[in-house]
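Below: one structure, written as structure tokens.
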């Protein structure tokens, strides 16, 4: 029995991965069990922004693992303060509450916003509302999917959690009109990732900041995918030179080695948490703190945000040059690009399989968008190689389309069949 079949026997089928068994990785490259090498153009949904097994991060992890790994927050450790000091400084806010996954950071933000609404704004108990954007993705916990506009994320998981209102992403008037006296916060992604790398109109986030100030509403920004250099700035909200009231960070914060996340916010919000009101056995453990701190140092010292800006423009231009009958739109910012393809010609999953056969790994979203978000350590010549493979795959699709017109319905690719 193959390793994939063994996994299918014992693992819940809540993912549909490509039929590739990865065994090792270094930098932007990964290898499968058959010895094939692939360029990772996905980087774990931004979790591997520093590349696979970055030597500095591995050294930090190994050294700390030999000393002290997990204690719970029942005790102080010597590693948490330096990590959170650096994180707060980079975000530009006062205090942080460390967690593990991005969804946990969002849950923390929701609890903080609701408590602020009751204790500071004076919203009647159990009636606080949070406004979110249509097409949002903030995680998969029961509370978070209750804020989703995608029924597939909610189906048969009810009863859902009340207290959320949805407004069209990028529509400032709709967001303002949705505000009532019970609104405690607006929670948005500055760029929507799972929705297909949707970039809002220029100035929208800044206008949202002004609307929140006008109506005494918190602005919470989910930077779990978009943050830590992904869009060409340390955080995507910096493109509009605003300061949110709270920011969720995760994924890249763990350096591709551990789940590390945090909710970072203004002091007056964080001071509403008291002992027992929130917690996590693993959140802020010494191992996570050391890796998180080193990840932040790597981001700064290797200039990865600037690298993302420069190489992102190169990637966007290269993809735009490939536009043809298959590609409908190229959009994104930094090294975070969504390519909308004509799903009547080829669906996103099939396109990703064809790319994998040529040695490029990524994943589709919503059937028609192929995402390109490589580790920020990628080099220009590696992007050029990826563009060559993408172009060749587009040629494969075009050729198959012509064959289909003559009766051959099978979509195949020339060259080595890896999957």
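Every residue in region 209-231 that is surrounded by 22 or more Cβ atoms within 10 Å (Cβ to Cβ) and over 13 Å from the mean Cα position of the chain (by Cα), please. Lay out the reasoning, then the answer.
Taking region 209-231 as the starting set, the residues that turn out to be surrounded by 22 or more Cβ atoms within 10 Å (Cβ to Cβ) are 212, 217-231.
Answer for region 209-231, where residues must be surrounded by 22 or more Cβ atoms within 10 Å (Cβ to Cβ) and over 13 Å from the mean Cα position of the chain (by Cα): 212, 217, 218, 219, 220.
If a residue has to be more than 17 Å from residue 170 (Cα to Cα) and part of a loop (DSSP other than H, G, I, E, B) to count, how many in region 125-137 make the cut? Give the derivation first.
Step one: of region 125-137, the residues more than 17 Å from residue 170 (Cα to Cα) are 125-129.
In the following step, the residues that additionally are part of a loop (DSSP other than H, G, I, E, B) were identified as 125-128.
Residues that pass the stated criteria total 4.
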Filter region 101-129 for residues that are free of Cβ contacts under 8 Å to residues at least 60 places away in the same chain and under 23 Å from the mean Cα position of the chain (by Cα); which is farthest from residue 256 (Cα to Cα)? 107
Kindly indicate whether residue 96 is under 21 Å from residue 45 (Cβ atoms), modelled with pLDDT of 95 or more and surrounded by 19 or more Cβ atoms within 10 Å (Cβ to Cβ). no
Do any strands (runs of 3 or more DSSP E) entirely within region 252-361 hold 1 or more residues that are within 19 Å of residue 373 (Cα to Cα) and out of contact with any helix residue (DSSP H, G or I) (no Cβ under 7 Å at 6 or more places or on another chain), and if so, which? 327-332, 337-341
The one condition in (1) within 30 Å of residue 66 (Cα to Cα); (2) surrounded by 23 or more Cβ atoms within 10 Å (Cβ to Cβ) that residue 332 fails to fulfil: (1)
Return the pairs, sorted by first residue and then second, in which the second residue is part of a loop (DSSP other than H, G, I, E, B), the first residue lies in region 166-178 and is surrounded by 19 or more Cβ atoms within 10 Å (Cβ to Cβ), the beta carbons are less than 8 Å apart, and the residues are 6+ apart or on different chains. 167/134; 169/134; 169/135; 169/136; 169/195; 169/200; 170/200; 170/201
Tell me whether region 200-208 contains one or more residues that are at pLDDT 95 or above, under 15 Å from the mean Cα position of the chain (by Cα) and crowded, with 24+ Cβ neighbours inside 10 Å. no
Please go through region 57-74 and pick out each residue that is within 14 Å of residue 290 (Cβ to Cβ) and more than 23 Å from the chain's Cα centre (by Cα). 59, 60, 62, 63, 64, 65, 66, 67, 68, 69, 70, 71
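Conditions tested, residue by residue: (1) in contact with a strand residue (DSSP E or B) (Cβ under 7 Å, 6 or more places away or on another chain); (2) over 30 Å from residue 71 (Cβ atoms); (3) in the same structural domain as residue 41 (by TED's automatic domain parsing).
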residue: 265; (1), (2), (3): yes, no, no
residue: 285; (1), (2), (3): no, no, no
residue: 321; (1), (2), (3): no, yes, yes
residue: 327; (1), (2), (3): yes, yes, yes
residue: 346; (1), (2), (3): no, yes, yes
residue: 354; (1), (2), (3): no, yes, yes
residue: 374; (1), (2), (3): yes, yes, yes
Please count how many residues of region 42-58 are out of contact with any helix residue (DSSP H, G or I) (no Cβ under 8 Å at 6 or more places or on another chain) and in a helix (DSSP H, G or I). 3
Got a sec? Which of 62, 108 is in a helix (DSSP H, G or I), touching a strand residue (DSSP E or B) at 6+ places or on another chain (Cβ under 6 Å) and in the same structural domain as residue 161 (by TED's automatic domain parsing)? 108
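Table: residues versus (1) surrounded by 11 or more Cβ atoms within 10 Å (Cβ to Cβ); (2) closer than 27 Å to residue 300 by Cβ.
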position: 15; (1), (2): no, no
position: 20; (1), (2): yes, no
position: 34; (1), (2): no, no
position: 39; (1), (2): yes, yes
position: 50; (1), (2): yes, yes
position: 76; (1), (2): no, yes
Say we look at region 366-394 and pick out the residues that are over 15 Å from residue 330 (Cβ atoms) and modelled with pLDDT under 95; which of these is surrounded by the most Cβ atoms within 10 Å (Cβ to Cβ)? 366
Here are some residues: 80, 39, 61. Which one is touching a residue at least 40 places away in the same chain (Cβ under 8 Å), in contact with a helix residue (DSSP H, G or I) (Cβ under 8 Å, 6 or more places away or on another chain) and farther than 20 Å from residue 257 by Cβ? 39
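When you look at residue 174, is it at pLDDT 95 or above, touching a helix residue (DSSP H, G or I) at 6+ places or on another chain (Cβ under 8 Å) and over 28 Å from residue 335 (Cα atoms), yes or no? Can you show your working first?
On the way: at pLDDT 95 or above: yes; touching a helix residue (DSSP H, G or I) at 6+ places or on another chain (Cβ under 8 Å): no; over 28 Å from residue 335 (Cα atoms): yes.
Judged against the criteria, residue 174 is not a match.
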Exactly one of 134, 156, 152 is farther than 20 Å from residue 219 by Cβ, at pLDDT 95 or above and in the same structural domain as residue 296 (by TED's automatic domain parsing), and that residue is 156
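The values are calculated or read from the model by the stated rules, or taken from the named source; none is laboratory data. Just so we're clear, the structure is a prediction, and the values are computed from it rather than from any experiment. Counting neighbours? That spans all protein chains shown, and the Cβs are built from the backbone with ideal geometry, glycine included.
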